[in-house]
Structure formats: C-alpha cells, structure tokens
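Down below is the structure, laid out as structure tokens.
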Amino acid sequence: MRAAAARRRGEAARLLREAERRTVPVEPLSTTWPDLDLADAYAVQRDNVARRLAAGSTVIGHKVGLPPAPTRERLGVHEPDFGHLLDEMVHRDGGTVRAARYCAPRVEPEICFRLARPLRGPGVTVGDVLAATDSVAPALEIVDSRIRARRITPADAVADNAGSAGLVCGSWTPMAHAPDLAAVNVDLLVDGSRVATGSGRKVLGHPAAAVAWLANALAAHGRGLDAGHVILPGAMTTAPLIGAGQKAEARFGALGSVSVSFV
C-alpha cells in the first residue's frame, strides 16, 4: 500500500511539473485519484519543491492560501493552506513578466512580512509574529493553477503549491514605522481602473494571524519559519485574471504601492 501511495504521489508531482513546463493545465488530481488527501497533497508539493532545490533554486519563504472564511466554506475546509516561495519566483517592482509562462495568471494584493527571527510552532501568536518581523511591504502575488479549475478540491490546490507562482514586493517599511496592518486598505487596479478593494482585516482578522497560523501548521510537519524568510499571508481582495498587455497595481495607502506589467 505504501509503494502504491508513493507511486501515486510521484505521478501526481510529474503531471504538475509537466503542466507548468507546457503551460497546459491538467485534469484535477482528485479526479484521477479520488482518495487523494491533504497528506498526499503536501507530499506532492514537497516533492516538486525538492526537485527545484536540487536544480539550484532556494526557498525564500511561504505563502498562505484560502484565508477568507467564505472561500474555505465553499471548498469545505476549516483552515487555510500553504505553499513555498522560491527565489526564481521574485520579480522587480514596476517590472515586466511574461504572461505566457503561466497557465491562467491572477494577481492578489497582500502585505508581505520579512522575518528578523525564526518562528517555531506550536503556540505562535500574533504578538510573536509582530515581534519577530523585521519589516513589511506592499506586494502582489502572482497565482496560477496548473490544474483545470472545474471541480478543484483543497488537495488539488495544496499539491499545486497552493497556486503560488510569483511575487512582486514594493518598498520595505520597518515594523517600528508600520501602520496598523489590520487597518491597512488596498485598491487593486488593472490598467489604471480599480477592480477590487480590501483591507488587512480580511486576512483572518489580521495578516499576522495568518503568519501565526502558518508557523503553527509547519510545526506539524516538523518545520518552522527562518530568519530572513518572507511570508505572504493571504489576499486582501479578489484575484482577477490578468494577461499580456495589462498592468496590475496595488495601492496600500501609507504602506505604499507595487506594480507589475504582463507582456
């Protein structure tokens, strides 16, 4: 049974790698393997991350997915999920990204955290996160689905690295000078037109709460968050599709702005 599970996970990981390479999404893994659970999904995610590390990539942090309660309720899950951020995913603020490298790219405005000290669960609190954070920055996460959207399950999303595909950060603000992150409002613009608005409170009540959840969730996997890691705690608005010839910009008030253009 263990050998069969290992083969299933290996094949699922291979399908996702091929989908990303060809930028052609695959059918939901849960359709092929209906008994695929979250443990399997995280194993698939770790397999593909390990292959990237072996090829020379570096893990620079993590992202939290599915923080809004309505989203979790719709998918029938009780908590967020997480994925890995790699150095190859980082793009310059105000720079360009090739839309053709993604299957169906979307953008999400988030407040990015950079840690000065490690965080190890269990028992990490919002206060612990704020004390361990060096600085925060306005950010856009580029999310993508290497799996066809219909009938996607939480296990599908987790296996697909929680949809993480890119990161664009604006200027960093030291925590000593940062505003109340829960009260930060954001306007998301595409080609200069506002398409969504949100606030830090939409991210588990406070973005640092999502980082705390992540540190505690990683503890169950025998891992933690390292000093220098960056954390995307979750989207503050809906995530619109974006394509070649379009520019996305997120304006976070006193925290600043960040933008990226797709070509």
**Prompt:** Is the stretch 41-48 home to any residue that is part of a helix (DSSP H, G or I), of a type in the set (S, T, Y), out of contact with any strand residue (DSSP E or B) (no Cβ under 7 Å at 6 or more places or on another chain) and modelled with pLDDT of 95 or more?
**Reply:** yes
**Request:** Identify all residues within the stretch 153-162 that are modelled with pLDDT of 95 or more and surrounded by fewer than 22 Cβ atoms within 10 Å (Cβ to Cβ); write none if there are none.
**Result:** none
**Fill in**
Considering the stretch 33-44, residues that are touching a residue at least 12 places away in the same chain (Cβ under 8 Å) and open to solvent by 20 Å² or more (accessible area, probe 1.4 Å), and then whichever is farthest from the chain's Cα centre (by Cα), we arrive at W33
**Prompt:** Looking at the stretch 179-204, which of the residues that are touching a Leu at 6+ places or on another chain (Cβ under 7 Å) and aliphatic (A, V, I, L, M) is surrounded by the most Cβ atoms within 10 Å (Cβ to Cβ)?
**Reply:** V184
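Residues are listed down the side, and each one gets a yes or a no for (1) surrounded by fewer than 23 Cβ atoms within 10 Å (Cβ to Cβ); (2) touching a residue at least 24 places away in the same chain (Cβ under 8 Å); (3) not β-branched (V, I, T):
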{"position": "G94", "(1), (2), (3)": "yes, yes, yes"}
{"position": "A100", "(1), (2), (3)": "yes, yes, yes"}
{"position": "P105", "(1), (2), (3)": "no, yes, yes"}
{"position": "P109", "(1), (2), (3)": "no, yes, yes"}
{"position": "C112", "(1), (2), (3)": "no, yes, yes"}
{"position": "G121", "(1), (2), (3)": "yes, yes, yes"}
{"position": "V124", "(1), (2), (3)": "no, yes, no"}
{"position": "T133", "(1), (2), (3)": "yes, yes, no"}
{"position": "R151", "(1), (2), (3)": "yes, yes, yes"}
**Request:** Name, by its number, the condition in (1) free of Cβ contacts under 8 Å to residues at least 40 places away in the same chain; (2) within 17 Å of R92 (Cα to Cα) that does not hold for A182.
**Result:** (2)
**Complete:** For the stretch 185-213 the number of residues that are within 19 Å of A239 (Cβ to Cβ) and touching a residue at least 12 places away in the same chain (Cβ under 8 Å) is 20
**Prompt:** Restricting the search to the stretch 241-263, which residues are open to solvent by less than 50 Å² (accessible area, probe 1.4 Å) and outside any loop (DSSP other than H, G, I, E, B)?
**Reply:** A248, E249, A250, L255, V258, S259, V260, S261, F262
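The values are calculated or read from the model by the stated rules, or taken from the named source; none is laboratory data. Bear in mind the structure is a predicted one, so any value in this text is a computation, not a measurement. Counting neighbours? That spans all protein chains shown, and the Cβs are built from the backbone with ideal geometry, glycine included. Quick note on the areas: whole protein, heavy atoms, side chains included, nothing else; ligands and nucleic acids left out. Shrake-Rupley method; radii C 1.70, N 1.55, O 1.52, S 1.80 Å.
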